[in-house]
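Student: Take this structure, written in structure tokens, and hold onto it; I'll ask about it next.
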Amino acid sequence: MKQGNIRKEEFIRVGTTLYKLVNQPRLNGGYVRKRIVWNNETLRQDYGKHYLATVPKYDGFCTVPDHVNYRPVVDKFLNLYEPIDHQPQEGDFSHIQSLVWHIFGEQYELGMDYLQLLYLQPIQKLPILLLVSEERNTGKSTFLNFLKALFQNNVTFNTNEDFRSQFNSDWAGKLLIVVDEVLLNRREDSERLKNLSTTLSYKVEAKGKDRDEIAFFAKFVLCSNNEYLPVIIDAGETRYWVRKIDRLQSDDTDFLQKLKAEIPAFLYHLQHRQLFTGKRKPYVVCPVTAAYRSLAEDYPQQPQPIGDRDVRTYA
């Protein structure tokens, strides 16, 4: 094989397993980095018997999230958490600001806290964010796509079926798990969701592999057009933050691209902003969770829109 091709292709060995690193084309353009299990004999045939000795070697995998001081390797363990390639730079982020205002309304500063904690303290536990509206063109999906653009490969879009599946290796190490049309109205769904929102560790399971326990720091963002029963929220429940989203006043087809262009300025702002909730409470527990309390004072026999239930805010 030509020397030029050798430089282009990358291999790693993790434990005793050899991987080839490839860029898999995506449907909407661009690429996603993938690891493909490779064969030692195939590598020898392609590159010669001495090439394997030059392949980088790691003791295993780890998942250590950090958006500011990212480390691809931590103590000889390959970090599965993905870096984000945005470079913070001071500037205007008025379109992002308008989206945050639209989603969080009178709780704008708390919404900014939520995004700031995601960026600067990714292991911090945060409430389950549930955005509901029966109307169309509300910006819920735009907000999810903005989160994806902001945190890139550390955000995964799940379906209801993905959430119920026993195989979770593709999402257990993510920062955000988002569901665009959530309908998890079984009791077992509700209990699992609540447990995941507070647990510190979780067993990862992939097809054909042993279960492995990892630190779990993922947060959930759920959207639904069903205002009545997308998920079960019991009386006194403190782990949900529900926002009822109004219809957008205008429809800008380039809005998402404008949001993406402002991400460096937005991240710069988050790096220098003071937490709103931190001003009012000792930083003992997650300030956002401490500020947002139960939406459901009781669970009615005749369902009412959950977005109409009060959010209790404690100063």
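The values are calculated or read from the model by the stated rules, or taken from the named source; none is laboratory data. What you see is a predicted model, and the numbers here were worked out from it, not measured in a lab. FYI the Cβ positions are ideal-geometry reconstructions off the backbone, even for glycines, and counts take in every protein chain you see.
Student: How many of the residues in region 60-91 are acidic (D, E) and surrounded by 12 or more Cβ atoms within 10 Å (Cβ to Cβ)?
Tutor: So the answer is 2.
Student: Assigned to a helix (DSSP H, G or I) and either of a type in the set (K, R) or not assigned by TED's automatic domain parsing to the domain that holds E262 (or both), is that true of K148?
Tutor: Taking the combined requirement at face value, the residue satisfies it.
Rundown of residues vs (1) modelled with pLDDT under 90; (2) assigned by TED's automatic domain parsing to the domain that holds N145; (3) within 18 Å of P127 (Cβ to Cβ); (4) part of a loop (DSSP other than H, G, I, E, B), yes/no style:
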residue: S197; (1), (2), (3), (4): yes, yes, yes, no
residue: G208; (1), (2), (3), (4): yes, yes, no, yes
residue: I214; (1), (2), (3), (4): yes, yes, no, no
residue: L222; (1), (2), (3), (4): no, yes, yes, no
residue: L256; (1), (2), (3), (4): no, yes, no, no
residue: A265; (1), (2), (3), (4): no, yes, no, no
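Student: Looking at L129, L110 in this structure, which one is more than 20 Å from P230 (Cβ to Cβ) and not in a loop (DSSP other than H, G, I, E, B)?
Tutor: Only one candidate passes the filter, namely L110.
Student: Another question, if that's okay. Pairs, please: C-beta under 6 Å, at least 6 apart or cross-chain, first residue in contact (Cβ under 8 Å) with a residue 40 or more places away in the chain and in region 37-62, second basic (K, R) and surrounded by 11 or more Cβ atoms within 10 Å (Cβ to Cβ)?
Tutor: These pairs meet every condition: V55/R13; K57/R13.
Student: Something else: Of all residues in region 21-59, count the ones that are under 27 Å from the mean Cα position of the chain (by Cα) and part of a loop (DSSP other than H, G, I, E, B).
Tutor: 6
Student: Please pick out the residue among L18, L115 that is assigned by TED's automatic domain parsing to the domain that holds L196, among the hydrophobic types (A, V, I, L, M, F, W, C) and either buried (at least 16 other Cβ atoms within 10 Å of the Cβ) or in a loop (DSSP other than H, G, I, E, B) (or both).
Tutor: Step by step, each of L18, L115 is checked, and only L115 is assigned by TED's automatic domain parsing to the domain that holds L196, among the hydrophobic types (A, V, I, L, M, F, W, C) and either buried (at least 16 other Cβ atoms within 10 Å of the Cβ) or in a loop (DSSP other than H, G, I, E, B) (or both).
Student: Here's something else I'd like to know. Going through region 151-195 one residue at a time, which ones are at pLDDT 75 or above, farther than 20 Å from V64 by Cβ and not in a helix (DSSP H, G or I)?
Tutor: F157, N158, T159, V178, V179, D180, E181, R186
Student: State whether the residues of region 47-60 include one that is basic (K, R), more than 26 Å from W171 (Cβ to Cβ) and at pLDDT below 95.
Tutor: Yes, region 47-60 contains a residue that is basic (K, R), more than 26 Å from W171 (Cβ to Cβ) and at pLDDT below 95.
Student: Within region 1-41, which residues are of a type in the set (S, T, Y) and at pLDDT below 90?
Tutor: Y31
Student: Now, a different point. Residue pairs, Cβ under 7 Å, 6 or more apart or interchain, first in region 164-192 and surrounded by 13 or more Cβ atoms within 10 Å (Cβ to Cβ) and aromatic (F, W, Y), second modelled with pLDDT under 75 and outside any helix (DSSP H, G or I). List them.
Tutor: From region 164-192, the pairs are F167/E205; F167/A206; F167/K207.
Student: Also, quick follow-up: So which residues in region 69-96 are in contact (Cβ under 8 Å) with a residue 40 or more places away in the chain and outside any loop (DSSP other than H, G, I, E, B)?
Tutor: L78, S94, H95, I96
Student: Hey, another quick one. Inside region 81-95, can you point out the residues that are among the hydrophobic types (A, V, I, L, M, F, W, C) and touching a Leu at 6+ places or on another chain (Cβ under 8 Å)?
Tutor: Result: I84, single match.
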